[in-house]
Amino acid sequence: MSINYPDATGARRGPQVLARLKEYPPNLWYRGEQVADVTTHPALRGGVHTLAALYDLQWAQAERTLFDSPTSGRKVARSFMLPRTHEELRSITVAMKVWEDYTHGMMGRVPDYINRAIAGYAAGAPFLSEADPRFGSNAVRYHEYLREHDLCLTHTLIPPQANRAASLAKQADPYLAARVKQETDAGIVIRGCRMLATLPISDEIMVFPSTVLKAGEEDAPYAFGFSIPNHTPGLKFICRESVDHGRSHFDHPLGSRFEEMDAVVIFDDVFVPWENVFLYRDVLRCNQAYARTGAVVHMTHQVIVKNIAKAEFMLGLAYLLVDSIGAEGFQHIHEKLSELWVGMETMKAFLRAAEADAALDEWGVMRPAWNPLDAARNLFPRLYPRMVEIIQQIGASGLVAMPVEQDLKGPLVEDIRHYYQAARAEAFDRIPLFRLAWDASLSAFASRQVLYERFFFGDPVRMAGALVTGHQAEIREQAERVRQFVREGRDEAFGAQ
Ligand SMILES: Cc1cc2nc3c(=O)[nH]c(=O)nc-3n(C[C@H](O)[C@H](O)[C@H](O)COP(=O)(O)OP(=O)(O)OC[C@H]3O[C@@H](n4cnc5c(N)ncnc54)[C@H](O)[C@@H]3O)c2cc1C
């Protein structure tokens, strides 16, 4: 079934990424206007150029990030790999860490994230084929297509936030949430909306069921999984306001580099050919798909690598703040640094456990152990807001008493040089450090990061619900041991009951 794709390049470099986005512009709307070119648009170009830089980086670190395609022999991104051994699984971690270190975990949707999901779906193709043999082979072919062309994806999973008390079918308008409008011999037509897609500055979109929410039988018209190019007719992305304010790297070190953008996705009678469909009107299968194929596990593997890079960054940043203003002797500062360190080590330990306990799954893929990953994805949404709070508590007024680049080029520069000095940093070192701390803890970029970590994998409340349901047997096992202990005490006092 393998196709050689003579036009494919394998792993891309930055200029190829930019050229494709220019040639096939995603249909983005920003402040009421269609974006003609994401590579030059002021609200988006910072993130787009970082994306391109990531693809250059994969070639600069090719031994770590690339491998030989099993079908074409081309060098392709390791995040597309279906690992068969512990060593291969570990090599994917190492590859993913390269991009995460570059972005300090601040670009949650580096393309590895969806690459791992698509690899998972390709691995679990037999599960998709149980519904329709075309669907499994579509997943395998699509995975190969993405890998050989090294395309970059966004994804959208959940319906718009209109009425959360009613099911999809019972919203004010049955076409509020994206649903099947028509089915033909050639494909399906989709009308309606999906809540959000991060990284719409990409080539294609994966439109799948939620990883967490479960649908009911009446939701069959809303139950599907497919992928299409972002320039498909009728597909529209309405972007939120950018957190890249067009300022320099000096003034806005994170926002000017790592704005990945989020957008609402509208399907205006979008035609999806059957070749691009992986799940269709099968509520039960849609509810099970992420778990059964293993896609959710492979994605969470990527997420935990991101968490580690982010936790490392916040620890390093906190330490530099402390050191610069001579706060290292205070006990509560030790407590805060230790809290950051423990958070970082906890994520590393979860990753180690997930790798060490990985096992071949029913598809013959080395799947990381789910329990530590599930624990990590439930814990980090609580750890990250606290990490940001610690930066605020350490930085204090230093986070707002900060001049910008223009001040340093203005007539007051000597005043600034004098009055902005710190115990262990000259003003010209202290100012960019504190600007970075501001962008990590206080700016619009920073608060969007907090919201992202709280919610991007799903509502934490319902994720906790899914955790309790999913780990019922392990929880009951512990409960049984305690019950036994209670009974022993009771029997000792009253005799066996
Ligand atoms: C920055 C960011 C990026 C994101 N990127 C993506 C993306 O790329 N692709 C994608 O598909 N999604 C993305 N998401 C969306 C994410 O999946 C959702 O935020 C998450 O699933 C929660 O859904 P919601 O935001 O609609 O909140 P809602 O479901 O509307 O919840 C709002 C509030 O109501 C409560 N609530 C609602 N229903 C219930 C219930 N049944 N029981 C208990 N409490 C309830 C919630 O706990 C919450 O407090 C992103 C989110 C953010 C913030």
Residue among A466, A425 that alone is open to solvent by less than 60 Å² (accessible area, probe 1.4 Å) and within 16 Å of the ligand (Cβ to nearest atom):
A466
In the set G47, G73, which member is part of a helix (DSSP H, G or I) and either modelled with pLDDT under 95 or among the small types (G, A, S) (or both)?
G47
Kindly provide the set of residues from the range 153-181 that are within 11 Å of the ligand (Cβ to nearest atom) and open to solvent by 50 Å² or more (accessible area, probe 1.4 Å), ordered by number.
I158, Q161, A162, N163, R164, A165
Of the candidates F380, F428, F445, F434, the one satisfying the condition of being closer than 15 Å to M106 by Cα, part of a helix (DSSP H, G or I), aromatic (F, W, Y) and touching a Leu at 6+ places or on another chain (Cβ under 8 Å) is F445
Residue hits (the range 114-144; more than 18 Å from G10 (Cα to Cα) and under 11 Å from the mean Cα position of the chain (by Cα)) are A117
If we scan the range 452-463, do we find a residue that is more than 16 Å from the ligand (Cβ to nearest atom), in a helix (DSSP H, G or I) and loosely packed, with under 12 Cβ neighbours inside 10 Å?
no
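Residue check: is R90 at pLDDT 95 or above, open to solvent by 20 Å² or more (accessible area, probe 1.4 Å) and either within 18 Å of the chain's Cα centre (by Cα) or among the hydroxyl-bearing types (S, T, Y) (or both)?
So R90 fails the test.
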Just to be sure, is P411 within 16 Å of the ligand (Cβ to nearest atom) and surrounded by fewer than 17 Cβ atoms within 10 Å (Cβ to Cβ)?
no
Among all residue pairs at least 6 apart or on different chains, which show Cβ distances below 6 Å where the first residue, located in the range 191-220, is farther than 16 Å from Q161 by Cα and the second is more than 9 Å from the ligand (Cβ to nearest atom) and aromatic (F, W, Y)?
R191/Y175; R191/F267; P200/F237; V207/F226; T211/Y290
Tally, over the range 100-143, of residues that are within 30 Å of P385 (Cβ to Cβ), assigned to a loop (DSSP other than H, G, I, E, B) and open to solvent by less than 10 Å² (accessible area, probe 1.4 Å)
6
Counting only strands (runs of 3 or more DSSP E) entirely within the range 214-296, those with at least 1 residues that are among the small types (G, A, S) are 224-229, 262-273
Output the residues belonging to the range 4-17 that are touching a helix residue (DSSP H, G or I) at 6+ places or on another chain (Cβ under 7 Å) and either surrounded by 21 or more Cβ atoms within 10 Å (Cβ to Cβ) or part of a loop (DSSP other than H, G, I, E, B) (or both).
Y5, A8, T9, G10, A11, R12, R13, V17
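The values are calculated or read from the model by the stated rules, or taken from the named source; none is laboratory data. What you see is a predicted model; the values in this text were computed from it and never measured. Cβ: placed from backbone, ideal geometry, glycine included. Neighbour counts: every protein chain shown. Ligands, DNA and RNA are excluded from the accessible area calculation, which covers all protein heavy atoms including side chains. Shrake-Rupley method; radii C 1.70, N 1.55, O 1.52, S 1.80 Å.
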